[in-house]
1. Considering 413, 421, 360, 428, which residue is touching a residue at least 24 places away in the same chain (Cβ under 8 Å), surrounded by 12 or more Cβ atoms within 10 Å (Cβ to Cβ) and closer than 30 Å to residue 126 by Cα?
2. Evaluate the following for residue 266: is it assigned by TED's automatic domain parsing to the domain that holds residue 126, closer than 25 Å to residue 340 by Cα and buried (at least 20 other Cβ atoms within 10 Å of the Cβ)?
3. If you take just the helices (runs of 4 or more DSSP H) that sit entirely in region 3-64, which of them hold at least 1 residues that are within 15 Å of residue 94 (Cβ to Cβ)?
4. Quick check on my filter: what residues within region 342-357 are closer than 25 Å to residue 138 by Cα and in contact (Cβ under 8 Å) with a residue 60 or more places away in the chain?
């Protein structure tokens, strides 16, 4: 996490103050469960409730964080340092906190609370992107442009189809995120090796319920890390989709193409050396963020494999990858939505580029028409390609004109019929059908 790519909502969620607050929630609710089971005396429960509720409601301060860090310098154990500080706040009654628990009971359950909230924020972001993609899809549903394969002009499409394609992909991302949200929303309070040896399972059930989680079906000392890996994988795939959109916009903004352009605001500068530059820095930035988010998946995958009932090799990586991956994903979605909402689109340039190859993009129409009139596919392909290659090699030539000069073609396709093959409407006849499949009936 660095401030440049961190929105305030995520900064607060992953702050040390919020970390301590979620730790306290787990400790307090587990103690409250023990109280309901008769293990914590009412007097001690009331003291703990009075002393600790302000911290659960208002949170911890930087001074609180500093004190915990001071204690940790001596204990060399962050959870023990935290519990020691709670004892300073609540006095002798704090002995009823952490009853029967191991550190990971608190750590993993508290982490689930924050990962759950982070995913909820990301899903809210994604909903905004989906809304924008749908709006743009319908806005440009009939805006004709050339489709490209291998970077080369292929056949006509519409700009709206690109947005519809991205929309459908982001809907799949939404499903993956929702699945990951469910997978991660579990807690565990089952003790040092997962046997509830010193805990009542009802404590786990109660605590998780209060936190909006489900008890993990089975655990050892920790929640199993395949859950975390799924979570991170869903973010990594989403990041790739973000980069996919960003890369397309970058390509469309190339000087030679210039069919669309990311927003360039008043006073913005493109280059320290070249005053004329209008660089796609926002979408380039998104590509870099996506690469970083994907990189965080690898440690999560490797953390699945731990020794026996648990080792701590996963811990250091998780302290970095969870806050960073979720924060960058949140930032990237907001930036993507800004770019999409403010995208500059140039239909005139799209039309110009559509005609750039002087009719070559209609070659398949001609090929199929010749086949339908009796020419073998092999012969039709050879004849059409022969004319097409001449157009490629000579900018003065026009594809349709060359076809009209060949009796092998005109004997099967009269000029009027050949001319009709160069109508772009043929390529767009099913656009409404595609939109209905993606967005449903209007």
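1. Matching residue, one of 413, 421, 360, 428: 428.
2. no
3. 16-36, 42-58
4. Across region 342-357, the qualifying residues are 342, 343, 344, 345, 346, 347, 349, 350, 351, 353, 354.
Residues are listed down the side, and each one gets a yes or a no for (1) under 30 Å from residue 167 (Cβ atoms); (2) in the same structural domain as residue 162 (by TED's automatic domain parsing):
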{"site": "25", "(1), (2)": "no, no"}
{"site": "39", "(1), (2)": "no, no"}
{"site": "47", "(1), (2)": "no, no"}
{"site": "67", "(1), (2)": "no, no"}
{"site": "73", "(1), (2)": "no, no"}
{"site": "84", "(1), (2)": "no, no"}
{"site": "107", "(1), (2)": "no, yes"}
{"site": "110", "(1), (2)": "no, yes"}
{"site": "119", "(1), (2)": "yes, yes"}
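The rows are residues; the columns are (1) in a helix (DSSP H, G or I); (2) modelled with pLDDT of 95 or more; (3) within 30 Å of residue 238 (Cα to Cα).
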{"residue": "263", "(1), (2), (3)": "no, no, yes"}
{"residue": "268", "(1), (2), (3)": "no, no, yes"}
{"residue": "275", "(1), (2), (3)": "no, no, no"}
{"residue": "312", "(1), (2), (3)": "no, no, yes"}
{"residue": "323", "(1), (2), (3)": "yes, yes, yes"}
{"residue": "351", "(1), (2), (3)": "yes, yes, no"}
{"residue": "358", "(1), (2), (3)": "no, yes, no"}
{"residue": "366", "(1), (2), (3)": "yes, yes, no"}
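Residues checked against (1) more than 19 Å from residue 111 (Cα to Cα); (2) under 18 Å from the mean Cα position of the chain (by Cα):
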site	(1), (2)
214	no, no
222	no, no
250	yes, no
259	yes, no
266	yes, no
275	yes, no
281	yes, no
288	yes, yes
314	no, no
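Matching residues to (1) assigned to a loop (DSSP other than H, G, I, E, B); (2) in contact with a helix residue (DSSP H, G or I) (Cβ under 9 Å, 6 or more places away or on another chain); (3) in the same structural domain as residue 115 (by TED's automatic domain parsing):
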{"residue": "306", "(1), (2), (3)": "yes, no, yes"}
{"residue": "328", "(1), (2), (3)": "no, yes, yes"}
{"residue": "332", "(1), (2), (3)": "no, yes, yes"}
{"residue": "337", "(1), (2), (3)": "no, yes, yes"}
{"residue": "348", "(1), (2), (3)": "no, no, yes"}
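The values are calculated or read from the model by the stated rules, or taken from the named source; none is laboratory data. These figures come from a predicted structure and were not determined experimentally. In this analysis, Cβ positions are derived from the backbone assuming ideal geometry, glycine residues included, and neighbour counts consider all displayed protein chains.
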